[in-house]
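A quick write-up on the structure given underneath.
The values are calculated or read from the model by the stated rules, or taken from the named source; none is laboratory data. Bear in mind that the values here come from a model prediction, so they are computed numbers and not experimental data. Note that we place each Cβ from the backbone using ideal geometry, even for glycine, and neighbour counts take in every protein chain shown. Only protein heavy atoms, including side chains, enter the accessible area calculation; ligands, DNA and RNA are left aside. Shrake-Rupley method; radii C 1.70, N 1.55, O 1.52, S 1.80 Å.
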Amino acid sequence: MNYMVCIDDTDMPGTRGTGWLVEDLCRILTAEKLAATKAISRHQLYVHKDIPYTSHNSAMGFEMILEPRYYDAVMSLFQIFLETRTEKGSDPGLCVVQLSDSLDDESLAAFGKAAKNRVLTKSDAYSLAARTGVHLSEHGGTGQGVVGALAGIGLRLSGNDGRYRGWYHLGRPGDIVSVGALCEYPFVDALVTCDGHYLALDTRVMMGSEKTKTVRMGHRQVIVVAPCNDPACPGIAYRTITKKEAKKY
């Protein structure tokens, strides 16, 4: 069975962020042979003085595949992990959703998009979780992280939000490579322009940065490209976006 998981608000200033913790959690799931996990995505939420957050107010989500007989064990692991590994003073929240045709992903996606632009409450989150039948729970502090956890689920479900955790060294700035060569990496599904146009495999692009970030677009893990205006590369229409440009996703 396929599930989507999102966690928010596990850290405190001066400590490792939620992304590191989620990476550890995924490693445990794999090591214990409880579930297979997919790449972790980061989803930026609204930054506002009325929203308590550590640094950037972002939630971390991933997908997992597990057999039904392991569901209870995995949920127990999540609870113990969050209540023992999160930082004192944090307000961790957990959301787990079974992916199915009956899931009201439109309502969840709408909640996620709203959480990028306005202040939402725990009451808002629990009300939607009850209506859609998803698991939502708090594991310390005020539990305010349930808002971000549910929002992160909605944003990942939308298929067009967030950037994936990790940077990749796929070439040096200025190198010319084909889209096909980049898509041979297991973590690259496609190269896409900012407005959603997919590049053909035989298209050549310039590497715009030493570190390349993948983002979530069209429910896929892609590298975004921008127009290439480098006179040293005539005939090359696109370049991969830079580290700075990737931060907007």
| task | Write out, first by first residue and then by second, each pair whose Cβ atoms fall under 9 Å of each other, whose residues are 6+ apart or on separate chains, and whose first residue, in the stretch 163-178, is within 20 Å of P231 (Cβ to Cβ) and in contact (Cβ under 8 Å) with a residue 60 or more places away in the chain while the second is open to solvent by 30 Å² or more (accessible area, probe 1.4 Å) and in a strand (DSSP E or B). | result | I176/R204
| query | Regarding E63, is this residue within 18 Å of M1 (Cα to Cα) and either at pLDDT below 95 or open to solvent by 20 Å² or more (accessible area, probe 1.4 Å) (or both)? | reply | yes
| request: Please determine, by comparing only the residues of the stretch 95-146 that are in a loop (DSSP other than H, G, I, E, B) and of a type in the set (G, A, S), which one is farthest from A59 (Cα to Cα). | output: S102
| remark: Only one of (1) within 17 Å of N160 (Cβ to Cβ); (2) at pLDDT 95 or above; (3) charged (D, E, K, R) does not apply to D195, and that is (2)
| Got at least one residue in the stretch 216-223 being surrounded by fewer than 21 Cβ atoms within 10 Å (Cβ to Cβ), within 25 Å of G112 (Cα to Cα), more than 14 Å from the chain's Cα centre (by Cα) and of a type in the set (V, I, T)? | no
